[in-house]
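Working notes for the structure below.
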Amino acid sequence: MKKLYLFTASLCLLLISLISQAQPTALSAGDIVIVGWNSTDNTVNSGIADDDIDFLLLKNINAGTVIYFTDFGWTGSGFQLNENNGCTPGTGAASDGCIKWTASTFLPIGTQIRIGCKVGLTSSTGTVTGITASATPGVYMSLTTSIDQIFAFQGSLASPTFIAAVQYGGASWLGVTSCQFTSTASANPGVLVGGYSLLYTSTIDNNQYSGALVNANAAVLRAAILNQTNWTQSAVALPFPISISFLITLPAHLTAFDVKKSETGNILQWKVENEDNFSHYEVETSTNGATYTTIGSVMASSQSGYSFTATASQSAYQLYRLKLVDLNGKFDYSKIVRIDNGNKLKTTVFPNPANNAITVSSSEPITSLRLADISGKKCLQQKVDKSNSITLDIASLKPGVYMLTINTRSGYQTERIYKKEN
């Protein structure tokens, strides 16, 4: 029993390790939205006088994801400069700077993050580091109390990919040149931020989204937040994150999804509601639960129900899921449904878990074996001379979970294999 506990613990650590190795998330315009800021120096959100930015995730992000923030103006072809990155003293955006926020863990859609952006470089989650200081040492983004801009982007100051943009305190965006002596002017980034910029005309120092809409899909919620009539102004600094629990739903809400057999194949059926700003459904299938393949697509047509007929495979069972894609390219997945294909192929693997070797047996002659890790990457492959039993050497593999595909002339079967410590 102790060995089983140790193996289970090792398996959990392996899965945690694999999750932690997920790549940082590449973001597009509109994947975050700014929901508040304090341009009044304050100690409301930290122990030192600071300015604040509060933003909302409209997409899941992985650990290591980086977002840059700046109040440098946009010239139309690049960001404005100051004496720390190209301008002579006494010119450029003297009170502007740039900071970098990094996610420390996976963060789900709907998460709010507050950043102390002027001097403290603190965050409600994740870490903040300075990239370009203002003309005052130790000061980065000193948000001007009357009029200023806030940009969020990935990439670099020299080559940004815009994610969000706000100008506050003015009736229009104002043009600016690289070393013009001002910290309050900017051109409109326009299509570079997907049109998702907020022109906020109020000159009050501290502002936050306070609209009633908090439960909607990302596109609808984004539109509400970018409407300044849904905001509140304050002469005193505001606490962030704002006291709103956002619930961001898919553009289409699945109320049912199942699969059943028929003479023509496996019939997938699903029912939906709230099919707003929605594009299509992609049908994906798997025979091992590790890798999925797209086998078809169904366009949204404002129906309450849809169906798709898939060809049954020769495996003993088949898994299906739907990829739900909205008009902006955002997507999520449905639950996974399973159907048994009635294949009479019977296989066994012994021992399992194993240290150095496994014996694979089949009710039909085996033609080949393929072993892959849980990401689908091939680790071993071996042709077999139509034997019903074969021993496979796994001594060189690292401890963990693997998927063994056993191929025969009539079909294949997939078994989950556990490799123990030697």
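The values are calculated or read from the model by the stated rules, or taken from the named source; none is laboratory data. This one's a predicted model, so the numbers in the text were calculated from it and none came from an experiment. Cβ coordinates were reconstructed from backbone atoms using ideal geometry, including for glycine residues, and neighbour counts include every protein chain displayed.
Among THR125, THR145, THR129, which is the only one that is assigned by TED's automatic domain parsing to the domain that holds ALA94 and outside any loop (DSSP other than H, G, I, E, B)?
Details: THR125 fails: outside any loop (DSSP other than H, G, I, E, B); THR145 fails: outside any loop (DSSP other than H, G, I, E, B).
So the residue among THR125, THR145, THR129 that is assigned by TED's automatic domain parsing to the domain that holds ALA94 and outside any loop (DSSP other than H, G, I, E, B) is THR129.
Name the single residue, out of those in the stretch 288-313 being assigned to a strand (DSSP E or B) and in contact with a Ser or Thr (Cβ under 7 Å, 6 or more places away or on another chain), that is surrounded by the fewest Cβ atoms within 10 Å (Cβ to Cβ). Reasoning before the result, please.
Going residue by residue through the stretch 288-313, those that are assigned to a strand (DSSP E or B) are 293-299, 305-310.
After this cut, where a residue has to be in contact with a Ser or Thr (Cβ under 7 Å, 6 or more places away or on another chain) as well, the list is 293, 295, 309-310.
On the way: THR293: 9, ILE295: 14, THR309: 13, ALA310: 18.
The extreme case among them is THR293.
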Hits in the stretch 76-101 (condition: among the hydrophobic types (A, V, I, L, M, F, W, C), buried (at least 24 other Cβ atoms within 10 Å of the Cβ) and in a loop (DSSP other than H, G, I, E, B)): ALA93
Meets criteria (surrounded by 17 or more Cβ atoms within 10 Å (Cβ to Cβ), in contact with a Leu (Cβ under 9 Å, 6 or more places away or on another chain) and over 30 Å from SER375 (Cβ atoms)) for ASN45: yes
Test: PHE106 is within 22 Å of the chain's Cα centre (by Cα) and buried (at least 19 other Cβ atoms within 10 Å of the Cβ): no
Matching option when the condition is touching a Gly at 6+ places or on another chain (Cβ under 7 Å) and among the charged types (D, E, K, R), among LYS260, LYS271, LYS335: LYS271
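Could you count how many residues in the stretch 211-259 are of a type outside the set (A, V, I, L, M) and either under 22 Å from GLN303 (Cα atoms) or crowded, with 17+ Cβ neighbours inside 10 Å (or both)? Walk me through it before giving the result.
Start the filter on the stretch 211-259 by keeping residues that are of a type outside the set (A, V, I, L, M), which leaves 211, 215, 217, 222, 227-234, 239-241, 243, 245-246, 249, 251, 253, 255, 257-258.
In the following step, the residues that additionally are either under 22 Å from GLN303 (Cα atoms) or crowded, with 17+ Cβ neighbours inside 10 Å (or both) were identified as 217, 222, 231, 240-241, 246, 249, 251, 253, 255, 257-258.
Number of matching residues: 12.
Residues being in a strand (DSSP E or B) and either modelled with pLDDT of 90 or more or within 27 Å of the chain's Cα centre (by Cα) (or both): count how many of those fall in the stretch 148-204. Can you show your working first?
Taking the stretch 148-204 first, the residues in a strand (DSSP E or B) are 148-155, 160-168, 174, 186, 197-200.
Right, trim to either modelled with pLDDT of 90 or more or within 27 Å of the chain's Cα centre (by Cα) (or both) and you get 148-155, 160-168, 186, 197-200.
Of the residues in that region, 22 qualify.
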Residue match in the stretch 30-37 (condition: crowded, with 24+ Cβ neighbours inside 10 Å and more than 29 Å from ALA235 (Cα to Cα)): yes
Tally of residues being among the aromatic types (Phe, Trp, Tyr) and over 27 Å from LYS330 (Cα atoms) across the stretch 97-127: 0
Answer from THR391, THR348, THR414 - the residue that is in contact (Cβ under 8 Å) with a residue 40 or more places away in the chain and assigned to a strand (DSSP E or B): THR414
Breaking point among (1) in contact with a helix residue (DSSP H, G or I) (Cβ under 9 Å, 6 or more places away or on another chain); (2) more than 30 Å from SER396 (Cβ to Cβ); (3) not hydrophobic (A, V, I, L, M, F, W, C), for SER375: (2)
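Condition check: over 26 Å from ALA310 (Cα atoms) and surrounded by 13 or more Cβ atoms within 10 Å (Cβ to Cβ). Does SER396 satisfy that? Walk me through how you get there before you give the answer.
Numbers: over 26 Å from ALA310 (Cα atoms): yes; surrounded by 13 or more Cβ atoms within 10 Å (Cβ to Cβ): no.
No.
So, in the stretch 259-287, how many residues would count as being in a strand (DSSP E or B), closer than 15 Å to SER304 by Cα and not hydrophobic (A, V, I, L, M, F, W, C)?
Just the residues of the stretch 259-287 that are in a strand (DSSP E or B), to begin with: 259-262, 265-273, 278-286.
If we keep only those that are closer than 15 Å to SER304 by Cα as well, we get 268-273, 278-281.
Remaining after also requiring not hydrophobic (A, V, I, L, M, F, W, C): 269, 271, 273, 279-281.
Looking only at that region, the number is 6.
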Restricting the stretch 337-368 to residues that are under 25 Å from GLU263 (Cβ atoms) and at pLDDT 85 or above, the residue that is surrounded by the fewest Cβ atoms within 10 Å (Cβ to Cβ): ARG338
